[in-house]
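The values are calculated or read from the model by the stated rules, or taken from the named source; none is laboratory data. Here the structure is a predicted model, which is why all the values come from computation and not from measurement. In this analysis, Cβ positions are derived from the backbone assuming ideal geometry, glycine residues included, and neighbour counts consider all displayed protein chains. Side chains are part of the model used for accessible areas, which takes the heavy atoms of the whole protein and leaves out ligands, DNA and RNA. Shrake-Rupley method; radii C 1.70, N 1.55, O 1.52, S 1.80 Å.
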Amino acid sequence: MMKALVNSCRFIVGILFIFSGLIKANDPIGLSYKMQEFFDLWKMSALDGITLTLSVLMIAFEIIAGVALLLGWKKKLISWLLLLLIVFFTFLTGYAYLSGKFSNCGCFGDCIPISSGASFAKDVVLLILILFLFFNRQYIQPVFSKSVTNAVLVVLALLSFGIQWYTLHYLPVLDCLPFKTGNYIPDKTKVPANSIPDSTEITFVYEKGGKKLEFNADHFPDDFNDSTYKFIDRYDKVIRKGTNNIPEIRGFDFQNSAGINVTQEILGGNYVLLLFHEDASTPVEKWKNGFEPVYHWAEKKKVPLYIISSLAPVVKQEIAATGFKGLEVLAGDRVMIRMAARTNPTLYLLKKGTIAGKWSYKKLDAALKVLKALPVVPPPAYQELISADTSSVK
């Protein structure tokens with residue numbers, strides 16, 4: 001009876017760890033961004049530079065540990081490691097839930113977003129199951145011989161790191177983000193139809209006798225007409241948080257070097273190419289040879305092409321010695337760019353605001369084939385001129 005219970009728990013825990021690891025392996029950089037949120041909140045931003053390494057190792061460990069548990073490999077070591085890991089996870093999800101500062105802890109990546117409360121409950125259940133396994137590990141028996149088990153674990157280790165290497169260089173296999181091919185960007189920048197806005201009230205801040213006092217319009221002090229009250233500030237105070245009231249895409253708004261907003265031009269154009277390049281962390285030498293043909297063919301096809309970066313002046317300087325030095329570099333929101341570009345840089349083709357294609361900088365040859373097949377479309381102003389001339393002839 002006890003052996004059956006242990007094996008049942010072993011199967012549930014092992015499968016959950018493998019599934020959790022695989023779903024995050026699809027987008028390890030997303031987990032690293034979530035780690036940075038925790039580190040920044042805890043004033044540990046100095047660790048931001050190693051979050052991607054930590055993310056890759058943690059994901060690989062989840063997959064390997066889950067398989068090792070199912071195979072019964074080194075049961076004492078694995079039970080200790082799983083216990084330590086789930087205690088750590090339970091602390092993180094508990095903090096996310098109780099602090100109210102994280103709506104999603106990233107436990108199953110962006111493909112299966114679950115609330116911080118659900119994540120915490122899941123980890124509490126897993127903690128109980130792993131504790132049960134820990135104290136009854138004598139019932140865990142190997143499934144295969146030692147040599148077969150070792151071979152399987154080596155293959156799984158290579159696979160877990162290989163999947164992550166691929167997605168970090170060639171974009172996630174499963175695209176679960178708002179910038180998915182086929183999505184219409186203007187729709188994603190709107191607040192969802194079923195959202196409930198925050199409930200706010202105007203709050204006034206005054207000073208009296210060296211003390212700051214706050215009150216709303218319904219609760220002015222009885223002696224407010226006293227001239228000793230000095231106005232300091234007024235703000236909207238949230239008295240009840242709304243739900244589902246944040247657009248999936250925020251910060252998709254751009255001005256060119258002349259200060260002209262070009263967002264509508266980008267979203268309304270027949271075809272527009274955008275190269276999302278967060279910063280210079282990927283040197284231009286690694287992608288310029290693949291991008292220059294795209295740039296030249298965009299000119300031939302009269303397709304507008306922009307670079308969007310959170311560090312526009314740095315990137316402008318970076319491309320100064322390239323064949324596309326004349327490209328406009330638009331300043332963009334860092335969080336929005338990170339969501340759009342899971343490889344740095346990532347090229348997008350938009351058609352009237354809809355994402356028609358997206359490519360890692362490693363796959364710009366594929367983008368070039370698509371670009372070459374596009375029709376030559378005159379710019380909007382020229383099209384309007386043709387329409388005007390045609391109507392006057394009639």
Item to complete: Just the number, please: percent antiparallel of the DSSP beta bridges in the chain, rounded to the nearest 5.
Response: 80 percent
Worksheet item: Which of the lysines could a cross-linker span from LYS301 if the Cα-Cα distance has to be under 19 Å and same-chain partners fewer than 8 positions apart are dropped?
Response: LYS325, LYS351, LYS352, LYS358, LYS369, LYS372
Discussion item. What's the longest uninterrupted piece of the chain once you rule out the chymotrypsin sites (Phe, Trp or Tyr not before Pro) that are loop residues per DSSP with at most 15 other Cβ within 10 Å?
Written reply: 225-394
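Residues with beta-carbon under 14 Å from that of GLY332, excluding GLY332: net charge, scoring Lys, Arg +1 and Asp, Glu -1?
After counting each charged neighbour, the total is -1.
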Worksheet item: In Å, the Kirkwood hydrodynamic radius of the range 131-203 over pairs of distinct alpha carbons?
Response: 18.4 Å
Practice prompt. Express in whole angstrom the spacing between the alpha-carbon centres of the range 283-359 and the range 1-38.
Written response: 36 Å
Worksheet entry | trypsin sites (Lys or Arg not before Pro) restricted to the range 3-110 and DSSP loop, no more than 13 other C-beta within 10 Å | LYS43, LYS101
Fill in: Kyte-Doolittle mean at least 0.5 and Cα axial length at least 27 Å: DSSP H helices in the chain
2-25, 51-71, 75-99, 116-135, 146-170
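Whenever you get a sec, compute what percent of the accessible area on the chain sits on carbon and sulfur atoms (1.4 Å probe). Please report the intermediate quantities before stating the final value.
Working: 13140 of 21340 Å².
C and S fraction of accessible area: 62 percent.
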Worksheet item: Can you give the convex hull volume per residue for the Cα atoms of the range 170-316, as a whole number of Å³?
Response: 226 Å³
Response to the item:
Scoring only Lys, Arg, Asp and Glu (+1, +1, -1, -1) among other residues with Cβ under 11 Å from the Cβ of LEU31 yields -2
Discussion item. I'd like the Kirkwood hydrodynamic radius of the range 21-118, using the inverse of the mean 1/r over distinct C-alpha pairs, in Å.
Written reply: 14.2 Å
Practice prompt. Send over a whole-number figure in Å² for the accessible area per residue of the chain, probe 1.4 Å.
Written response: 54 Å²
Worksheet item: Which of [x] 158; [y] 254; [z] 239 is the computed volume of the Cα convex hull per residue in Å³ for the structure on display?
Response: [y]
Practice prompt. Report the net charge of residues surrounding TYR170, where surrounding means a beta-carbon distance below 13 angstrom and charges are Lys +1, Arg +1, Asp -1, Glu -1.
Written response: +1
Worksheet, complete the sentence: Between the alpha carbon centres of the range 74-90 and the range 200-233 the gap in Å comes to 55 Å
Practice prompt. For the range 200-242, please report how many Lys pairs fall under 17 Å Cα to Cα, leaving out neighbours fewer than 8 apart on the same chain.
Written response: 4
